[in-house]
Amino acid sequence: MRFIGPALLASAFVLGACSGGEQAQSTDSTAAAPAAATTPAASGVAAAPITGTTHVVKMEYDGSAYRFDPAEITIKQGDAIRFESVSGGPHNVGFNPDSIPDDVEAQLAANMPEPGGAMTKTMGPLESPFLNDSTNYTISFGNIKPGTYPFHCSPHLAMGMVGKVTVQ
């Protein structure tokens, strides 16, 4: 009989710790986004801080097409974009290295943070982790020279989920 009391207490604790309720999981990598220059990445380039506005681009499936909303965005150097997965996930944000100038590629890769936790970057240095609905990922465009940079969602690229950011 002495065993039953502690066993019930331990079971209640375990069940309580495992039950998360019905809350939607929201992973915000903004905390992992570079707020200040950080340790240099493998390329030797440090992540540049966000010094301007953070813009939002939604990643969604509208019932007939996968898309970024807006698909084209103009920002200033030092701004950031928070990509929010709204529906139709998993999504990610990727930049084709062939479309990024060599002198921008290392900085852009450094500005794409490793999110940690359950999300990990698996596609490469210019690819975000996969985002389920209600999650987001923020990229700094600090130290990114003016130009137009096309981006895509790797899982939905064949379905036309592409966009472009123009940095002024």
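Arranged from highest to lowest average of other beta-carbon atoms within 10 Å per residue, in what order do the peptides 136-144, 76-84 appear?
136-144, 76-84
Can you tally the net charge around ARG67? Count Lys and Arg as +1, Asp and Glu as -1, for every other residue whose Cβ sits under 14 Å from the Cβ of ARG67.
That works out to -3.
Among all the aspartates and glutamates, which ones have a C-alpha under 18 Å from LYS145's C-alpha, if same-chain residues fewer than 8 places away are not counted?
In chain and number order, the partners are GLU72, ASP79, ASP98, ASP102, ASP103, GLU105.
Once you list every other residue whose beta carbon is under 13 Å from the beta carbon of GLU105, what net charge do they have if Lys and Arg are +1 and Asp and Glu are -1?
Neighbourhood net charge equals -3.
Based on the mean of other beta carbon atoms within 10 Å per residue, what is the order of 151-158, 126-133, most packed first?
Answer by packing, highest mean first, reads 126-133, 151-158.
Using a 1.4 Å probe on the protein heavy atoms, what percent of the accessible area of segment 59-168 belongs to carbon and sulfur?
Numbers: 2310 of 4690 Å².
Carbon plus sulfur share of accessible area: 49 percent.
Once label points are set 7 Å from the Cα along Cα→Cβ at both ASP69 and GLU114, what is their separation, rounded to one decimal in nm?
If labels sit at ASP69 and GLU114, their model points lie 3.5 nm apart.
The values are calculated or read from the model by the stated rules, or taken from the named source; none is laboratory data. Please read these numbers as outputs of a predicted model, since none were measured by experiment. When we count neighbours, we look across all protein chains shown, and the Cβ atoms used for this are built from the backbone with ideal geometry, even at glycine. Only protein heavy atoms, including side chains, enter the accessible area calculation; ligands, DNA and RNA are left aside. Shrake-Rupley method; radii C 1.70, N 1.55, O 1.52, S 1.80 Å.
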